[in-house]
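Data first, discussion second: the structure below is written as structure tokens.
Please treat every number below as a calculation from the coordinates, not as lab data. Computed from a predicted model, the values in this text were never measured in an experiment. Glycine also receives a Cβ, built like all others from the backbone with ideal geometry; neighbour counts cover every protein chain displayed.
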Ligand SMILES: [Zn+2]
Ligand SMILES: [Zn+2]
């Protein structure tokens with residue numbers, strides 16, 4: 001199934017270049033006519049739905065993102081320095097296992113949140129619709145929009161998600177005795193790796209859509225599949241966007257595909273609620289004005 005999706009991604013990209021390539025020709029100043037963009041565009045910044053969704057980004061949302069990014073990075077730095085302070089070589093093996101488990105958990109969490117927002121709910125939902133579901137809808141019909149978002153818009157929501165666990169960790173480092181910190185040190189390493197990778201998920205996702213000017217070390221991490229590689233993430237961007245939801249490292253995409261994890265979960269939810277998966281996503285994709 002994953003292989004079929006990959007073949008699909010490759011054949012679709014041959015027939016109709018994906019948006020990343022659309023940007024490349026634009027940036028090179030060779031705005032060639034694209035058969036996929038004639039009439040109503042299927043995707044890209046000129047798509048009617050993409051334009052409407054981009055306009056829903058408000059100044060209140062921007063402020064929320066700024067506050068979350070600043071607080072989150074202060075907490076990340078404080079916790080990192082505290083972890084170094086209490087580090088002991090005795091724990092090396094268990095620290096490595098804890099960090100690895102944290103990264104795997106972050107990848108699964110990215111898949112679960114991404115799948116939930118892509119598959120269920122609607123932009124019309126009060127508060128969460130415009131603030132948190134809108135970016136997912138926009139991303140499917142204008143995948144390159146993320147590459148034009150600045151650091152704050154890219155990372156604001158993920159920074160918000162990790163604020164509470166990072167604040168709890170900082171509290172422990174400030175008020176717990178060294179003895180108690182020593183006892184729970186591996187757990188703190190797990191939580192820190194999890195929080196760090198959750199925080200970075202959308203930045204990693206943005207890099208997976210960026211084909212120009214990436215630093216060499218980012219390309220190295222992508223090529224060695226330490227973070228989400230560009231080719232790997234293209235499988236998710238084949239309509240109807242029903243697989244490869246994990247966007248931190250992408251390590252879990254293949255095993256979850258093999259066991260039909262997302263399909264089974266969707267069948268179960270549809271059976272219980274009667275809701276059809278991705279109906280709102282499809283509605284935005286088909287918008288012509
Ligand atoms: Zn998606
Ligand atoms: Zn994407």
- Task: Give the Cα extents of the range 44-285 along the principal axes, in whole Å, largest first.
- Result: 57, 43, 42
- Given a Förster distance of 25 Å, the FRET efficiency implied by the Cβ-Cβ spacing of residue 265 and residue 101, rounded to the nearest 0.05, works out to 0.65
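So if R0 is 30 Å, what FRET efficiency would residue 273 and residue 239 give, r being the distance between their Cβ atoms, rounded to the nearest 0.05? Kindly include the intermediate steps, with their values, before the conclusion.
Values: r = 23 Å, r/R0 = 0.78.
The value I calculate is 0.80.
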- Protection proxy ranking of 71-84, 214-227 - average other beta-carbon atoms within 10 Å, highest first: 71-84, 214-227
- Task: Could you work out how far apart the two model spin labels at residue 127 and residue 78 are, taking each label as a point 7 Å from the Cα in the direction of the beta carbon, and quote it in nm?
- Result: 2.5
- Message: Take residue 85 and residue 286, extend 7 Å from each Cα along the Cα→Cβ direction, and tell me the distance between the two endpoints in nm.
- Response: 5.8
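To the nearest 0.05, what FRET efficiency results for residue 187 and residue 226 with a Förster distance of 22 Å applied to their C-beta separation? Please list the in-between numbers first.
Working: r = 24 Å, r/R0 = 1.08.
My answer for the efficiency is 0.40.
Kindly rank 123-133, 156-166 from highest to lowest mean number of other beta carbons found within 10 Å of each residue. List each step's numbers first, then the result.
Numbers: 123-133: 15.1, 156-166: 20.2.
The densest-packed peptide leads the list: 156-166, 123-133.
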- Please give the residues of the range 184-212, grouped as numeric ranges, whose backbone N is less than 20 Å from a label point set 7 Å along the Cα-to-Cβ vector of residue 93. 184-190
